[in-house]
Amino acid sequence: MTRVLVLNCGSSSLKYRLFEGDAAVVASGIVERIGEDEPGAPRDHAEALSTAMAGLPLEGLTAVGHRVVHGGLTFTAPAVVDDAVLAAIAELVPLAPLHNPANLAGIEVARALLPGVPQVAVFDTAFHRTLSPAASTYAIDAATAERYGIHRYGFHGTSHAIVSRRTAALLGRPLAEVNTVTLHLGNGASACAVEGGRSVATSMGLSPLEGLVMGTRSGDLDPAIIFHLHRVAGLPLGEIDDLLNRRSGLAGLAGVNDMRTLLARRASGDGAAALAFEVYCRRIRSYVGAYYAQLGRLDAITFTAGVGENAPAVRAAALAGLDRLGIVVDPVRNDAPDRGARVISPPDAPVAVCVVPTDEEWEIARQTLGVVAP
Ligand code: AMP
């Protein structure tokens, strides 16, 4: 019987899930407020993980799978952790200054606490390494881009991978024959064009800031806005970084980053909430159109993550008016309170619109086993 512990370490939180056999979840939880100066808060990741592990049945553990946000161009697949892999993840810290250090801390602590158990790094970026040069190259001076690693890396890869695979299964068709646009709409949000199981375009780029409108991130904007804020408004670069990452998106437009609150405010006539909703859905529609054009043939559009799985109003508004493209949302199916993987377009629609729950932890466990016990 295999047993895999999946760890997702953020800067101040640690999420864990223990899987046994094919899919059974034996235990899961989250430790928060790591390193915060409060009574009872864990001092560091080591203390957080020791506390979490104390209650877990870890005998006979097959492996530990770690979510690592940035694998750069180095990692195209999950990697069994050794000193060279750790050094390569550390080298990528400038590209993911908030995420990779926390991911590294998690790996180092797990290595120390579980000697002899294989540790596997599973990268958010790896699924997108199938992007063609034309899809991953920014149109800036080539030598500068090369020197500083300016490249479309893409994120949410484990989610886009599992959701596109499950979409093909839901439709009862071989993965290799299905072209899908997957829409991961959570606190972070990204779109991905998946051609026969391979990522061919994705909306997040060098960092998870680009693309769709998110809870607190702006997504796409004119880069000149940054120069303007710096030159004309006199904002220091660090403040602009904070503005675009933490005080923009739904939070910037309507003062709330939680879609549930936003929908409730919109329903009660709040104009700012209504505008934020329109901006959010319009951006999704633009990406659907763009990726349809890139794919040439589109079989499915799949919504996933917190908003995608639970907000019928967003799904309906994002795809409104696309019937000439064969994209139709059936209102009864869309509003049904179902939870599992399901189709929400009419039965004869040319493009299947689907809702498929994501499960990044399970996918990390599956990929981890794929390298340690193939
Ligand atoms: P995630 O990052 O996948 O956990 O997604 C978080 C986002 O999902 C937040 O913006 C939540 O407001 C949103 N969300 C969760 N449940 C619902 C719901 N029932 N209706 C609308 N949005 C939801």
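The values are calculated or read from the model by the stated rules, or taken from the named source; none is laboratory data. Predicted model only: the values in this text are computed from it and were never measured. Note that we place each Cβ from the backbone using ideal geometry, even for glycine, and neighbour counts take in every protein chain shown. Only protein heavy atoms, including side chains, enter the accessible area calculation; ligands, DNA and RNA are left aside. Shrake-Rupley method; radii C 1.70, N 1.55, O 1.52, S 1.80 Å.
Can you work out which of the residues in the stretch 173-202 that are assigned to a loop (DSSP other than H, G, I, E, B) and more than 20 Å from residue 98 (Cα to Cα) is least open to solvent (accessible area, probe 1.4 Å)?
So the first thing to find is which residues in the stretch 173-202 are assigned to a loop (DSSP other than H, G, I, E, B), and the list is 173-174, 178, 186-188, 196-197.
With more than 20 Å from residue 98 (Cα to Cα) added as a condition, the list becomes 173-174, 178, 196-197.
On the way: 173: 93, 174: 69, 178: 3, 196: 22, 197: 20 Å².
Taking the candidates together, the pick is 178.
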How do the pairs read when you match residues in the stretch 236-261 that are among the hydrophobic types (A, V, I, L, M, F, W, C) with residues anywhere that are away from the ligand (no atom under 14 Å from the Cβ) and part of a helix (DSSP H, G or I), using Cβ under 6 Å and keeping only pairs 6 or more apart or on different chains?
240/226; 240/229; 254/272
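Would you be able to say whether some residue in the stretch 164-172 is in contact with a His (Cβ under 9 Å, 6 or more places away or on another chain) and surrounded by 14 or more Cβ atoms within 10 Å (Cβ to Cβ)?
Step one: of the stretch 164-172, the residues in contact with a His (Cβ under 9 Å, 6 or more places away or on another chain) are none.
No, the conditions are met nowhere in the stretch 164-172.
Restricting to the stretch 317-342, name every residue that is open to solvent by 50 Å² or more (accessible area, probe 1.4 Å) and modelled with pLDDT of 95 or more. If you could, list the steps in order and put the result at the bottom.
Just the residues of the stretch 317-342 that are open to solvent by 50 Å² or more (accessible area, probe 1.4 Å), to begin with: 320-321, 323-325, 328, 331-333, 335, 337-339, 341.
Those that are open to solvent by 50 Å² or more (accessible area, probe 1.4 Å) and modelled with pLDDT of 95 or more: 320, 321, 323, 324, 325, 328, 331, 332, 333, 335, 341.
Look through the stretch 236-250, keep the residues that are open to solvent by less than 40 Å² (accessible area, probe 1.4 Å) and away from the ligand (no atom under 16 Å from the Cβ), and return whichever of them is nearest to residue 282 (Cα to Cα). Don't jump to the end; show me each part of the working.
Of the residues in the stretch 236-250, the ones open to solvent by less than 40 Å² (accessible area, probe 1.4 Å) are 240, 244, 248-250.
With away from the ligand (no atom under 16 Å from the Cβ) added as a condition, the list becomes 240, 244.
Numbers: 240: 24, 244: 19 Å.
By that ranking, first place goes to 244.
If the requirement is being surrounded by fewer than 18 Cβ atoms within 10 Å (Cβ to Cβ) and at pLDDT 95 or above, which of these qualifies: 226, 301? Spell out the reasoning first.
On the way: 301 fails: surrounded by fewer than 18 Cβ atoms within 10 Å (Cβ to Cβ).
Answer to the selection: 226.
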Give the number of residues within the stretch 6-27 that are more than 20 Å from the chain's Cα centre (by Cα) and modelled with pLDDT of 90 or more.
4
Go through the stretch 343-358 and count every residue that is open to solvent by 40 Å² or more (accessible area, probe 1.4 Å) and either among the charged types (D, E, K, R) or not in a strand (DSSP E or B) (or both).
3
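Look at residue 50 and say whether it is touching a helix residue (DSSP H, G or I) at 6+ places or on another chain (Cβ under 7 Å), assigned to a helix (DSSP H, G or I) and open to solvent by 20 Å² or more (accessible area, probe 1.4 Å). Give the steps one after another, and end with the answer.
Values: touching a helix residue (DSSP H, G or I) at 6+ places or on another chain (Cβ under 7 Å): yes; assigned to a helix (DSSP H, G or I): yes; open to solvent by 20 Å² or more (accessible area, probe 1.4 Å): yes.
When the stated conditions are applied, residue 50 passes them.
Please work out if residue 328 is more than 16 Å from the ligand (Cβ to nearest atom) and part of a helix (DSSP H, G or I).
Values: more than 16 Å from the ligand (Cβ to nearest atom): yes; part of a helix (DSSP H, G or I): no.
For residue 328, the condition - more than 16 Å from the ligand (Cβ to nearest atom) and part of a helix (DSSP H, G or I) - is not met.
When the residues of the stretch 251-268 are narrowed to those that are surrounded by fewer than 14 Cβ atoms within 10 Å (Cβ to Cβ) and of a type in the set (Gly, Ala, Ser), which ends up nearest to the ligand (Cβ to nearest atom)? Show your work before the answer.
Kept after step one, since they are surrounded by fewer than 14 Cβ atoms within 10 Å (Cβ to Cβ), are these residues of the stretch 251-268: 260, 264, 267-268.
Now drop any that are not of a type in the set (Gly, Ala, Ser), which leaves 264, 267-268.
On the way: 264: 10, 267: 12, 268: 15 Å.
Result: 264.
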How about the stretch 309-325: which of its residues are near the ligand (Cβ under 9 Å from one of its atoms) and in contact with a helix residue (DSSP H, G or I) (Cβ under 7 Å, 6 or more places away or on another chain)?
311, 312, 313, 314
Here is a list: 164, 218, 199. Which entry is within 16 Å of the ligand (Cβ to nearest atom) and polar (S, T, N, Q)?
218
